[in-house]
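Please read the structure below before turning to the comments.
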Amino acid sequence: MWDDIIKTGGNDQIEGHFIGSILYVLADDTHSSPLLIIDGQQRLTTITLLFIALRNHLSDEVKILGKFSRKEIESYLINNNKDGDKKFRLILSESDKDTLLSLIDKNKRKPSEPSLKIMENFKLFEEWIRKNTDKLETIFKGLEKLMIVWIALKKEKDDPQLIFESMNSKGIELTQTDLIRNYIVMETEVEKQEDFYNQYWRAMEENFKQSEKQSKREDLFNKFVRHYLTIKIGKIPNEKRVYEAFKDYRQKEGIEIENLLKDLQKYCGYFCQIVFKKEDDKDKDLNKALGFLVDLERDVIYPLLLELYSDYSDGVLSKADFIPIIALIESYICRRAVCGLGTNSLNKVFPFVTKKINKDQYLESIKVHFGYLTEKQRFPNNDEFKEHFITIDFYHFQKREYFLERLENFERKERVYAHEYTTEHIMPQTLKEEWERDLGENFQAIHDKYLHTIGNLTLTGYNKEYNNKPFKEKRDMEKGFKQSPLRLNQSLKDLEVFGEKEIEKRANDLADWALKIWTYPKLDAETLEKYKPKKEKKVYDLSSYKFGSHSRELFDILSKEIKALDERITEKFNQEYISCMFDKNFVDIVPLKNGLKLYLNMPFNELARRKKSGKG
């Protein structure tokens, strides 16, 4: 906008510059009633910040273009006929409100945590004005030429939300939560809007302020709403259609806005406790278990985690079951990652676990559920997991640090953080002559096979010092493996050489640790049998058979004649044939396209006897 103002103000041939539209809702028809801005708040805020910077720059005596004085500019910011906050021409949402008002009115106390985006933009204008003091007339000329279209709506006659959506689809794309927030405001009675915003929506925004970056906060808020809807509607909404899914959910369920906000806020609290690892100190074990899952950075797990946390808070799920369930989820994800099983199928697993279990036997039924997963969704068993753990390229593995950290902290009380260390190749990436000699004549094959595997990797703070040194030197040097406090390096202290045999043994030892960290669900045969899916018996009827038009007509005639023999005769529909029953089936009819095949289930002499006696 600054460039547009300078360009427009400096060119007398340009009569005006259109900067967009302002869409607002009229609360009533009175001249003094406040206007609720639906679209265009950013433009108004930008112009307001520029006016503040210009006002602060001008002295009381200066008048630009014969009319723009400090007092004149102030009138665009403050209405002196009003009191309190009502005197301010523009009032922003709570997160930015106090920062803007303190800039307009020096008597207003500055907030303890000023809005970064407001302050950054304001300081930018101050700097530009300071560098362009010779262009003040140009700036004011440009401001005079700015053109805006004002669109006024009446809530009872227009549909502000629908108009806003239409306008937004053609302009700058807002986040899904921006659209949802606006929808909630529009669906709330005017007198309750501010209370609802402060009590619920702003409270949720404050929760996300635990993230330092604004972009990260918005991203987390958007993700949370998507996870929330996944729980509520039973499917994962498209990330670009979360707003639509939210509207549909609310309208179909007929939920009151305040009840919806209360529920959102409840789950938002759970989400932030998990994501920001804020579980109470009294639940350190739970916090630790959840922290491991958060570090895996798998969005797909959150709908399930939120449901579990909700049940835990409501007393449906005990802490004694919750922690092992979290560990089970971690094991499932980690084993699959090591075995190279894709993540796409997880979208069909995690969001719907609680719909398929018995909450009276929470832990047991979840173990069974994961144990029964097959093919692409399977939970890799110990053999599959160990084989891959030992042989995969761990150095280029996406979650290498995570796995090394978990291995290092196995059965350790004082936690070590992998990000404080670097990953070290014990057998270096570049072999020097001494390494080649120690590895033997097959040194190249050994190097190619084991270089990036788990058996050859460890953590150290002295990667540069170790460099490509021989093994014994790495072991015995100051701060070498012998002096290392890390558990991953303990087995290296007493080794004289580090070759193929030693790499394989170390890999197997670490794999055994891994099997204890990321366990497979243990279930006895009796428990598995109890949860074994019962095969539903298929029900057949006349539509189950491939009749031709002639054979169907023939069957109807035959069926009528057979039933006329005795009212107690019934028909039983089987997979391939139809049985006529009287105590037992006495005739089976196989429908064919061109006719019927009949099987009489009685001895021939019985048929002859019945014929002589006149029966049948």
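The values are calculated or read from the model by the stated rules, or taken from the named source; none is laboratory data. Fair warning: this is a prediction, and the values are worked out from it, not measured in the lab. Positions of Cβ are generated from backbone atoms using ideal geometry, with glycine treated the same way; all protein chains shown enter the neighbour counts.
In the range 40-59 there is at least one residue that is in contact with a strand residue (DSSP E or B) (Cβ under 7 Å, 6 or more places away or on another chain), of a type outside the set (A, V, I, L, M), closer than 23 Å to GLU120 by Cβ and not in a helix (DSSP H, G or I). The helices (runs of 4 or more DSSP H) located wholly in the range 465-544 that include 2 or more residues which are under 30 Å from LYS359 (Cβ atoms), under 39 Å from the mean Cα position of the chain (by Cα) and in contact (Cβ under 8 Å) with a residue 12 or more places away in the chain occupy 500-517, 525-531.
Among (1) without any contact (Cβ under 8 Å) to a residue 60 or more places away in the chain; (2) farther than 16 Å from TRP513 by Cβ, there is one condition VAL368 misses while meeting the rest; what is its number? With respect to (1) without any contact (Cβ under 8 Å) to a residue 60 or more places away in the chain; (2) farther than 16 Å from TRP513 by Cβ, VAL368 is out only on (1). The helices (runs of 4 or more DSSP H) located wholly in the range 395-450 that include 3 or more residues which are closer than 17 Å to TYR466 by Cβ occupy 433-439. The lone criterion from (1) at pLDDT 90 or above; (2) assigned to a helix (DSSP H, G or I); (3) crowded, with 19+ Cβ neighbours inside 10 Å left unmet by LEU317 is number (2). Here GLN199 qualifies as on the phi < 0 side of the Ramachandran plot and modelled with pLDDT of 70 or more. When each of PHE224, PHE276 is tested for being closer than 19 Å to LEU308 by Cβ, outside the structural domain of SER115 (by TED's automatic domain parsing) and modelled with pLDDT of 90 or more, the lone residue that passes is PHE224. Just one of the numbered conditions (1) of a type outside the set (Phe, Trp, Tyr); (2) surrounded by fewer than 21 Cβ atoms within 10 Å (Cβ to Cβ); (3) more than 15 Å from PHE224 (Cβ to Cβ) is not true of SER310: (3). When PRO34 is tested against (1) within 30 Å of GLU191 (Cβ to Cβ); (2) modelled with pLDDT under 80; (3) buried (at least 17 other Cβ atoms within 10 Å of the Cβ), just one condition goes unmet, and that condition is (3). Checking the stated criteria, PHE498 turns out not to satisfy the condition of being crowded, with 16+ Cβ neighbours inside 10 Å and at pLDDT below 90. Quick check: anything in the range 392-413 in contact with a Ser or Thr (Cβ under 9 Å, 6 or more places away or on another chain), more than 14 Å from GLU500 (Cα to Cα) and surrounded by fewer than 12 Cβ atoms within 10 Å (Cβ to Cβ)? Yes: one or more hits.
Evaluation of LEU341 against the conditions (1) part of a loop (DSSP other than H, G, I, E, B); (2) over 21 Å from GLU401 (Cβ atoms) shows that the sole unmet condition is (2).
From the list GLU144, GLU187, GLU137, exactly one residue is surrounded by fewer than 17 Cβ atoms within 10 Å (Cβ to Cβ), farther than 23 Å from CYS272 by Cα, within 31 Å of the chain's Cα centre (by Cα) and modelled with pLDDT of 55 or more. Which is it?
On inspection, the qualifying residue turns out to be GLU187.
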